[in-house]
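Participant: Quick one: this structure, given as structure tokens, is what I'll be asking you about.
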């Protein structure tokens, strides 16, 4: 989406807030969001993978705020120049804050060979919204300063779409760029489209139809779904996962759709866990769904092979921390690379 000479990456709608100035950034169009389960309607307004991208002529001022509603009062916004991590970090809260960004002088003198080595042109300012969304929704109030949206040549020429749970959305990591999907996209030289849905990845038909209708991705992973364990029966999971997988794969026969079974978690490793067998039942269902799919572009990867131990997990033994996210990304990128290169 482009407006105000800015590319709003991974944004499906800018929705005016009631009784105030500004627009909420949400990851799917409003018509899609309204058809999701109640929790996912909220999650799609949390900005996992959302970036404001532009090429400035000099300095640019952005005004942002956080709509109250989460357990945190503020969030940290980080700035990248292409794939080069900036030192600029801004805290935004309930009151609109105007922040100023300009290209660091040293980057203006990059040799052409260095500038062209990345999938992103370093002239592209990427204002990255945070991956752990315990605050409210991010609101855009406007921008000042000469700028233009990036061109296609300044961005990666392939896109990786990821659907899944809080692990996909970005829970627990210290920065948005450290999630396994962001790290995987970097290794692939791809742009990321993050449709992770914390606690609410229920394989909704509306999400399946939305992903199927999109034509802006080259490979997709469907990490489904630890959120459904203990909430839905294995048979209901089978029905929903089948619809998701076959709808997306059937609409894009030339693109790989890769299903990820549940990552290693507390149910697998805690002695005498009351749901010790539940995860493996859901993994087996997803294996069956993939095996029964009539679509040759459907593939299966095992979550426990992508994350083979508890090393790097957080203490809830569910969410990967930074190190575990890197482990997943290393292994996942190795598997996706030949699928993208076909």
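The values are calculated or read from the model by the stated rules, or taken from the named source; none is laboratory data. All figures in this text were calculated on a predicted structure; none of them were measured in a lab. Reconstructed Cβ throughout: ideal geometry from the backbone, glycine too, with neighbour counts over all protein chains shown.
Participant: Hey, among 202, 160, 243, 180, which residue is over 18 Å from the mean Cα position of the chain (by Cα) and either touching a residue at least 12 places away in the same chain (Cβ under 8 Å) or surrounded by 24 or more Cβ atoms within 10 Å (Cβ to Cβ) (or both)?
Facilitator: 243 is the lone residue from the list that is over 18 Å from the mean Cα position of the chain (by Cα) and either touching a residue at least 12 places away in the same chain (Cβ under 8 Å) or surrounded by 24 or more Cβ atoms within 10 Å (Cβ to Cβ) (or both).
Participant: From (1) assigned to a strand (DSSP E or B); (2) surrounded by fewer than 17 Cβ atoms within 10 Å (Cβ to Cβ); (3) over 24 Å from the mean Cα position of the chain (by Cα), pick out the condition that doesn't hold for residue 95.
Facilitator: Failed condition: (1).
Participant: Tell me, which residue of the range 14-35 that is in contact with a helix residue (DSSP H, G or I) (Cβ under 7 Å, 6 or more places away or on another chain) and more than 12 Å from residue 210 (Cβ to Cβ) is surrounded by the fewest Cβ atoms within 10 Å (Cβ to Cβ)?
Facilitator: The qualifying residue surrounded by the fewest Cβ atoms within 10 Å (Cβ to Cβ) is 15.
Participant: Separate question: For the range 271-294, give me the residue count where each residue is in a helix (DSSP H, G or I) and in contact with a helix residue (DSSP H, G or I) (Cβ under 9 Å, 6 or more places away or on another chain).
Facilitator: Residues flagged as in a helix (DSSP H, G or I) and in contact with a helix residue (DSSP H, G or I) (Cβ under 9 Å, 6 or more places away or on another chain) within the range 271-294 amount to 13.
Participant: Right, here's the next one. Filter the range 1-19 down to the residues that are in a loop (DSSP other than H, G, I, E, B) and either under 15 Å from residue 52 (Cβ atoms) or touching a residue at least 40 places away in the same chain (Cβ under 8 Å) (or both) and list them by number.
Facilitator: Of everything in the range 1-19, those that are in a loop (DSSP other than H, G, I, E, B) and either under 15 Å from residue 52 (Cβ atoms) or touching a residue at least 40 places away in the same chain (Cβ under 8 Å) (or both) turn out to be 1, 4, 5, 10, 11, 12, 17.
Participant: Separate question: Applying the selection to the range 36-77, what residues are modelled with pLDDT under 95, in a strand (DSSP E or B) and surrounded by fewer than 21 Cβ atoms within 10 Å (Cβ to Cβ)?
Facilitator: 67, 76
Participant: Could I ask something else about it? Tell me whether the range 315-332 contains one or more residues that are under 25 Å from residue 242 (Cα atoms), assigned to a strand (DSSP E or B) and at pLDDT 95 or above.
Facilitator: There is no residue in the range 315-332 that is under 25 Å from residue 242 (Cα atoms), assigned to a strand (DSSP E or B) and at pLDDT 95 or above.
Participant: Let me ask something additional. Identify the residue in the range 122-150 that is modelled with pLDDT under 95 and out of contact with any strand residue (DSSP E or B) (no Cβ under 6 Å at 6 or more places or on another chain) and, among all such residues, is nearest to residue 51 (Cα to Cα).
Facilitator: 131
Participant: How many residues does the range 247-270 contain that are in contact with a strand residue (DSSP E or B) (Cβ under 8 Å, 6 or more places away or on another chain) and part of a helix (DSSP H, G or I)?
Facilitator: Summing the residues that are in contact with a strand residue (DSSP E or B) (Cβ under 8 Å, 6 or more places away or on another chain) and part of a helix (DSSP H, G or I) in the range 247-270 gives 3.
Participant: Could you tell me whether residue 238 is in a helix (DSSP H, G or I), in contact (Cβ under 8 Å) with a residue 60 or more places away in the chain, surrounded by fewer than 21 Cβ atoms within 10 Å (Cβ to Cβ) and touching a helix residue (DSSP H, G or I) at 6+ places or on another chain (Cβ under 9 Å)?
Facilitator: no
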